[in-house]
Amino acid sequence: MGSKFTVSYEERIDAVEKYLRNEYSMNDLSKQLKVANTSIRRWLARYQSLGPEGLQETSKNLSYSWELKETVVMDYLSGSGSHMDLCKKYG
């Protein structure tokens, strides 16, 4: 199943950009849009790793190759970054 959003693509981009400009806190945005803070965090991570296209609704979930998954796990185990750092790096 693909990603289903109750907040429009334009609203998600606007929210992330307002957060990045320090105009609103994550709490303010989550209350305004009636979504969880974790949703805002996910949008931010997707925006930072994939750009605005990362916030578009998709018809199916992304699939990752075994090799990429192994690379990410090895990076994590070697201390190359936190979970969120690696999500941003590898998408």
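Coordinate-derived values only; no laboratory data. Since this is a predicted model, take the numbers as computed values, not measurements.
Over the residues of the chain, compute the C-alpha Rg and express it relative to 2.2 N^0.38 Å. In units of the globular-protein estimate, the chain measures up at 1.18.
Once fully extended, how much extra length lies between Glu57 and Glu10, figured as 0.36 nm per residue of separation less the alpha-carbon to alpha-carbon distance?
Details: separation 47, 0.36 × 47 = 16.92 nm, distance 1.12 nm.
Full extension from Glu57 to Glu10 adds 15.8 nm.
Under 15 Å Cα-Cα from Lys18, which aspartates and glutamates qualify once same-chain neighbours fewer than 8 residues away are excluded? Candidates past the 8-residue exclusion: Glu10, Asp28.
Per residue of the chain, what 222 nm ellipticity follows from adding -39500 (n - 2.57) for every DSSP H run with n ≥ 4, rounded to the nearest 500? Before the final figure, lay out the partial values.
Values: 5 runs with 54 residues, N = 91.
One gets -18000 deg cm²/dmol as the mean residue ellipticity at 222 nm.
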